[in-house]
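The values are calculated or read from the model by the stated rules, or taken from the named source; none is laboratory data. Please read all numbers here as calculations on a predicted model, not as lab measurements. Cβ coordinates were reconstructed from backbone atoms using ideal geometry, including for glycine residues, and neighbour counts include every protein chain displayed. With ligands, DNA and RNA removed, areas are computed over all heavy atoms of the protein, side chains included. Shrake-Rupley method; radii C 1.70, N 1.55, O 1.52, S 1.80 Å.
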Amino acid sequence: MKILVGYKRVVDYNVRIQVKPDGSGVVTEGVKLSANPFDEIALEEALRLREKGIATDVVVATIGPADCQAHLRNGLAMGANRAIHVVTSEAIQPLTAARTLLKLIEKEQPDLVILGKQAIDDDCNQTGQMLAALWNRPQATFASKVEISGSTAKVTREVDAGLETIEIDLPAVITTDLRLNEPRFTKLPDIMKAKSKPLESIPLESLGVESGDSLKTTAYAAPPKRSKGVMVKDVAELVALLKTKGLV
Amino acid sequence: METPAIPAVSAAADTLRRDLSVAKNLFFGEIVEENLFPYPKMRERDRDMLGAMVDALDDFLAPKHADLAHYDRNAEQPPEFIQALRDMGLFGLIIPEEFGGLGLSNAAYARVLAQTSSHDSSVSLTIGAHSSIGMKGLLLFGSDAQKARYLPRLASGEIIAAFCLTESGAGSDAASVRTKATRGDDGSWLLNGEKIWITNGGIAGFYTVFAKTDTPEGKMTAFIVEAGQQGVSHGPHEDKMGIRASSTTTVAFSDVRVAAENVLGEVGKGFKVAMAILNNGRTGLGGGAVGGMKTLIRLACAQAKDRKQFGRPIAEFGLVREKIAQMSIDCFAAESAVWMVAHYIDSGCTDYSTEAAISKVFASEAVQRASYEALQIAGGNGFMREFPYEQITRDTRILSIFEGTNEILRLYIALSGLKDVGANLGELKSAVGNIFNDPIKGFGVLSTYVRRKASETTGYGTDKILRELHPSLRKAAATYEKYVVELSKAADGLLRQFGKAIADQQHAQKRIADMAIDLFVGLCVLSRADSLVRENHAEQHNAIGIAEIFTRQARRRLMRNVRGMTINEDKAIEALASAVLEKGAVGWDVI
Ligand SMILES: Cc1cc2nc3c(=O)[nH]c(=O)nc-3n(C[C@H](O)[C@H](O)[C@H](O)COP(=O)(O)OP(=O)(O)OC[C@H]3O[C@@H](n4cnc5c(N)ncnc54)[C@H](O)[C@@H]3O)c2cc1C
Ligand SMILES: Cc1cc2nc3c(=O)[nH]c(=O)nc-3n(C[C@H](O)[C@H](O)[C@H](O)COP(=O)(O)OP(=O)(O)OC[C@H]3O[C@@H](n4cnc5c(N)ncnc54)[C@H](O)[C@@H]3O)c2cc1C
């Protein structure tokens, strides 16, 4: 069984995001970039399936600028067998990403595609769903548990009402939630081994993907600073204060 | 010493004069520009991997900070943590790939230790004592059979290595070890004696042991001894001030039978083996010190920006800002010197022991200053154990004591420079030569010396560094060009004044050593700043600022040391020390 894993590069979750002075985007220069945490969970799940003998081949794929190679090497160091880098200098939106991934599916013929439920940079939460629709295959989103038997997958999903377990036929798209697993540490010898694993680069233009980008970003702005709160003695004072501020 | 030359790839290496020591040439008033400029780059193979390794080490250690503090208080790294270090691959850093290691260059290895030290010093010590000294002898001097036998298990950490030199009677005077090995008729050896303060002593499986051997070949020999051998034992973990979690124990050898094939290097050449290991391992310690400084700077910045007094963040006060700036200068300077030395080692330079000693002295003292100042910025919090400052202060204190005390290394820096000058002076050739059991090199180059003397007098005030420099750096360069001549005059003057007796003039040696330290470190700073300017690096302006400030500070010290050669209180200090020592206490009181 072959698993294709989406592995996006984002600004590290520990970094305090800063908006560029001209509002044209967020500062990424000199800022630590890492794998999207949900994608690391996706890769971890794929690696565990391989270790259980269910999968044989784990391929990580990213769509991003030329310097994403080091990022993909991290995925290889974590344990993926191969990496595919779709090279583009443009930031793309979910539909374009889904169309691009579909091209990779046609090429790779995976039995399972695992993506993060969302990327922590744009928080779109759309690519997995769009991909399943384009591919015309089942989807199981927000997975917190995955069990594969034969050509079906039993997936526990985190939904608003609690947990929901569904069974889907493979091939399918699964998107990961936070509690699915805890990704492993990368070990130093694996970083060295990753240097000799195959990494294929494909220019996005060569895939003939029709752009699905339909949103235009007009400006970026930092969220307004929370103003300092005041301590009140009791409920009476609170009510009085809310009244003077015209809030009740 | 035979260090295998690793093919150098950086541009700097192309013109590198591998047989020349920059530091020793300073004593002749020479600046070996080829060996200083451009500032060396990390090998490409290592640079590619280091980014990922640094991240992986952060991911591994950052969640363990509470555990690491606990190991410090409990004075032990538990077995499962040692296992985690093995799993991480941290025992194979410098072992070649064909033996299952990572094959890192000296420069990359030092960078890894910088990263581990930025989290915890005891971690660095466990893996550093293994790689920097414990098994380094096997890498440098081991036979093919010895390497094949031990390196794979050392790389996996299945066996951890320790370096056994120090004894109760032989600390700084390492040549005076009493542990004895006697050769039997079958060529095997019988080993007896006790070593103290052996890092990894309690967890090691592989000991590099130095013992006295009364053989025609020489007085000391290095041996490989396995922990499981009959007669090998170790004492309990020492209760230490710092690096408490790192294992330090005595290691005793009682009638231990060592096979002839476990002699490391040549019989009788043990002292050379020991010194080669220590010289080659110094960048690990220096790298660790730099990593520690970077953490201290981060902590100090956060604290200074966060803490408000007098209605303002204390980061706005000059006396706090001065500390932050000084820590940054020290950090840049130590880093510049340590990785210059690592480059010499990686490029197969043969004579780098003086530079290695300089980098160790400077880096260890720099991180100690930084820990003092960072703790001071934190005020009362700095004194509290729930904050990391006090542990870092305890942990870094060892750095000026082991792997050669900084006093011994200062004497070494001075004497190794003076020795070459002395050798060139001809009649003084035996004056300082034997102090470190190192045969005098460079006979018959009197003419070189004469030529150098001539250039020293005429070369004053002319550019010794020929490359084009940024105007600010050009101005800094002039300081080094001037004081390198002053150093050579001072060296020459001392040798003429004291002759053989220079070996006893420690006050003068210290001045000479401090001049050499300022000159070498300053030139490394200059070179690094120059390279950052040429690269148009984002930090180039800070680097120029640092080079300017460091040079001005160094110039004041250099001036003082030059003046001290002739005008000083040495005699009065000696007299006072004699008086106090005789009494064993000071005699005064206010009653
Ligand atoms: C935590 C720890 C770990 C260690 N790990 C190891 C290890 O793994 N392997 C190993 O072999 N050793 C190890 N050592 C030993 C260490 O290398 C020695 O402590 C060091 O060499 C100094 O020797 P000493 O302590 O006997 O001090 P001494 O040699 O007694 O020196 C005491 C003082 O006198 C000064 N002094 C000595 N001689 C002179 C001189 N000629 N001129 C001027 N001043 C002088 C010294 O600078 C020092 O200030 C370790 C020590 C410690 C504390
Ligand atoms: C063990 C211990 C015992 C103590 N016992 C007592 C006690 O019995 N009674 C008591 O009242 N207090 C006590 N203290 C508190 C002690 O007096 C304070 O820690 C001390 O006054 C420093 O204050 P701080 O820790 O808040 O540091 P801060 O005031 O926050 O200072 C932090 C750093 O900023 C520097 N700084 C602050 N302001 C300026 C400025 N304007 N310009 C330049 N630099 C500045 C300081 O010099 C320091 O380096 C004790 C503290 C300790 C650690």
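Structure notes:
- Elements of the type strands (runs of 3 or more DSSP E) sitting completely within the range A:158-206 and holding at least 3 residues that are modelled with pLDDT under 95, exposed (fewer than 14 other Cβ atoms within 10 Å of the Cβ) and within 14 Å of chain B (Cβ to nearest Cβ): there are none.
- Meeting the requirement of 3 or more residues that are away from ligand 2 (no atom under 16 Å from the Cβ) and more than 23 Å from B:Glu238 (Cβ to Cβ), the helices (runs of 4 or more DSSP H) wholly within the range B:353-418 are B:353-377.
- Among the helices (runs of 4 or more DSSP H) confined to the range B:14-78, the ones with at least 1 residues that are within 14 Å of another protein chain (Cβ to nearest Cβ) and open to solvent by less than 40 Å² (accessible area, probe 1.4 Å) are located at B:44-61.
- Residue check, B:Ala274 among the small types (Gly, Ala, Ser), part of a helix (DSSP H, G or I) and either in contact with a strand residue (DSSP E or B) (Cβ under 8 Å, 6 or more places away or on another chain) or assigned by TED's automatic domain parsing to the domain that holds B:Ser122 (or both): yes
- Scanning the range B:116-136 for residues that are touching a strand residue (DSSP E or B) at 6+ places or on another chain (Cβ under 7 Å) and among the basic types (Lys, Arg) turns up nothing.
- Taking residues in the range B:310-328 that are within 23 Å of B:Ala289 (Cβ to Cβ), and partners anywhere that are more than 6 Å from ligand 2 (Cβ to nearest atom) and of a type in the set (Lys, Arg), the pairs with Cβ atoms closer than 8 Å and at least 6 places apart or on different chains are B:Gln326/B:Arg369; B:Met327/B:Arg369.
- Sole exception among (1) within 16 Å of ligand 1 (Cβ to nearest atom); (2) open to solvent by less than 30 Å² (accessible area, probe 1.4 Å); (3) farther than 15 Å from B:Ala516 by Cα for B:Ile377, by number: (1)
- The one condition in (1) more than 11 Å from every other protein chain (Cβ to nearest Cβ); (2) in a loop (DSSP other than H, G, I, E, B); (3) under 23 Å from B:Leu399 (Cβ atoms) that B:Ala107 fails to fulfil: (2)
- Among the residues making up the range B:271-315, those that are within 29 Å of B:Lys180 (Cα to Cα) and either touching an Asp or Glu at 6+ places or on another chain (Cβ under 8 Å) or surrounded by fewer than 22 Cβ atoms within 10 Å (Cβ to Cβ) (or both) are B:Phe271, B:Lys272, B:Met275, B:Ala276, B:Leu278, B:Gly281, B:Arg282.
- When B:Cys164 is tested against (1) touching a residue at least 40 places away in the same chain (Cβ under 8 Å); (2) over 26 Å from B:Ile408 (Cβ atoms), only condition (2) is not met.
- Any hit, the range B:580-590, residues being surrounded by 11 or more Cβ atoms within 10 Å (Cβ to Cβ) and in a helix (DSSP H, G or I): yes
- Just one of the listed residues (B:Glu481, B:Glu468) is assigned to a helix (DSSP H, G or I) and not aliphatic (A, V, I, L, M), namely B:Glu481.
- The set of residues in the range A:70-82 being more than 10 Å from every other protein chain (Cβ to nearest Cβ) and open to solvent by 40 Å² or more (accessible area, probe 1.4 Å) consists of A:Asn81, A:Arg82.
- Residue tally, condition of a type in the set (Ser, Thr, Tyr) and either farther than 11 Å from B:Val361 by Cβ or modelled with pLDDT under 95 (or both), over the range B:398-411: 0
- Scanning the range A:1-22 for residues that are open to solvent by less than 80 Å² (accessible area, probe 1.4 Å) and of a type in the set (Asp, Glu) yields one hit, A:Asp12.
- Within the range A:23-58, if we keep just the residues that are assigned to a strand (DSSP E or B) and surrounded by fewer than 22 Cβ atoms within 10 Å (Cβ to Cβ), the residue that is nearest to the other protein chains (Cβ to nearest Cβ) turns out to be A:Ser34.
- Positions within the range B:79-101 being of a type in the set (A, V, I, L, M, F, W, C), free of Cβ contacts under 8 Å to residues at least 40 places away in the same chain and open to solvent by less than 20 Å² (accessible area, probe 1.4 Å), in sequence order: B:Phe81, B:Met88, B:Leu93
- Odd one out for B:Leu558, checked against (1) over 13 Å from B:Asp514 (Cα atoms); (2) surrounded by 15 or more Cβ atoms within 10 Å (Cβ to Cβ): (1)
- Among the strands (runs of 3 or more DSSP E) confined to the range B:153-255, the ones with at least 1 residues that are closer than 16 Å to B:Ile127 by Cβ and open to solvent by less than 30 Å² (accessible area, probe 1.4 Å) are located at B:161-164, B:189-199, B:206-215.
- In the range B:410-425, the residues that are aliphatic (A, V, I, L, M) and within 9 Å of ligand 1 (Cβ to nearest atom): B:Leu411
- Residue in the range A:83-96 that is within 14 Å of another protein chain (Cβ to nearest Cβ) and closer than 25 Å to A:Pro198 by Cβ present: yes
- Per the conditions (1) in contact (Cβ under 8 Å) with a residue 60 or more places away in the chain; (2) more than 27 Å from B:Leu68 (Cβ to Cβ), the sole criterion not satisfied by B:Asp144 is (1).
- Number of the exception - B:Ala325 against (1) of a type in the set (A, V, I, L, M, F, W, C); (2) assigned to a helix (DSSP H, G or I); (3) away from ligand 2 (no atom under 16 Å from the Cβ); (4) open to solvent by 40 Å² or more (accessible area, probe 1.4 Å): (3)
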